[in-house]
Amino acid sequence: MKLLVSVVDEEEAFNAFQGGCDILDVKNPREGSLGANHPSFIRWVVEKFKDKVEISATIGDLPNLPGTASLAALGAASLGVDYVKAGLLGVDDFNSALNLMSWIVKAVKEESVNVKVIACCYADYKLVGSLNPVYLPNVAYESEADGILIDVKMKNRGKVFEYLNVEQLAQIYSKAKKLGLTTALAGGLSLKDLSKAVKLEVDVLGVRRGVCDSSKWLHCRVKQEKVRDMKERILKLKAPC
């Protein structure tokens, strides 16, 4: 299981990298759960860390505007990242989600077939009026995306396991794996949640607050020692008995 750490600036990027993360994820929490950062910072991360660690970029909690979303996706892909993550916030039915993701995937793959596209939706979908995550594997597969991520939109109102239990998540991820998709989980995860995440056998575990100096979504900082601790705990849990 790879450890993805979301960072907002240069200092956090160095802390996450030196702490041993597998994926540096560039985002902007001030614009939402999957808020997009400035292209100049994404470019800086690519220049500093390319080939040392994988790099992902979020392009936003997206409205149902396929043209706008695909243009954002193209911009991120052109900067040399390994993953583009798209939040399906503004869609609440399968067909709309499929159309939005199809535009995004087409834009990215025409730029580079090597960039992986991750379709993201929210465990708290009932609160925010977006797509039920049970449909996510099929949306990703039929749009020819490379993987799925389940996250939480309302970061101050509970973590992922408070909205979907392990059994519900296991069903979704099992379907995704059968379809050959990369699987990722995020949403307020901490050290206490690692055993549940490991049971789900996801490919990627995404964190920010869990490796920060506080749990305040907009006022916390990624710390190297906390990233290292999280990485070591994952390795211990995954080690054979």
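The values are calculated or read from the model by the stated rules, or taken from the named source; none is laboratory data. Keep in mind that what you see is a predicted model, and the values were worked out from it rather than measured. Methodologically, a virtual Cβ is constructed for each residue, glycine included, from the backbone with ideal geometry; neighbour enumeration extends over all protein chains shown.
General remarks:
- Helices (runs of 4 or more DSSP H) (entirely within the range 90-173) containing at least 1 residues that are touching a helix residue (DSSP H, G or I) at 6+ places or on another chain (Cβ under 6 Å): 94-111, 136-143
- Screening the candidates K52, K27 for the property of being modelled with pLDDT of 95 or more, over 12 Å from the mean Cα position of the chain (by Cα) and within 26 Å of R221 (Cβ to Cβ) yields one hit, K52.
- Subset of the range 229-241 (residues that are surrounded by fewer than 17 Cβ atoms within 10 Å (Cβ to Cβ), at pLDDT 90 or above and among the basic types (K, R)): R233
- Residue that is farthest from N132 (Cα to Cα), among those in the range 68-105 that are surrounded by fewer than 24 Cβ atoms within 10 Å (Cβ to Cβ) and of a type in the set (D, E, K, R): D82
- Residue selection: D203 fails the criterion of being in contact with a Leu (Cβ under 8 Å, 6 or more places away or on another chain), surrounded by 14 or more Cβ atoms within 10 Å (Cβ to Cβ) and not hydrophobic (A, V, I, L, M, F, W, C).
- None of L200, L185, L164 is on the phi < 0 side of the Ramachandran plot, touching a Ser or Thr at 6+ places or on another chain (Cβ under 9 Å) and among the hydrophobic types (A, V, I, L, M, F, W, C) except L200.
- Neighbours by Cβ (under 7 Å, 6+ apart or cross-chain): first from the range 171-182, surrounded by 14 or more Cβ atoms within 10 Å (Cβ to Cβ); second modelled with pLDDT of 95 or more and charged (D, E, K, R): L181/D146; T182/K116; T182/D146; T182/D203
- Residue match in the range 35-42 (condition: in a helix (DSSP H, G or I) and surrounded by 16 or more Cβ atoms within 10 Å (Cβ to Cβ)): yes
- Scope the range 125-163; condition within 24 Å of K216 (Cβ to Cβ), of a type in the set (A, V, I, L, M, F, W, C) and either at pLDDT below 95 or under 17 Å from the mean Cα position of the chain (by Cα) (or both); matching residues: L149, I150, V152, M154, V160, F161
- Of residues in the range 202-241 being in a helix (DSSP H, G or I) and among the basic types (K, R), the one nearest to G19 (Cα to Cα): R228
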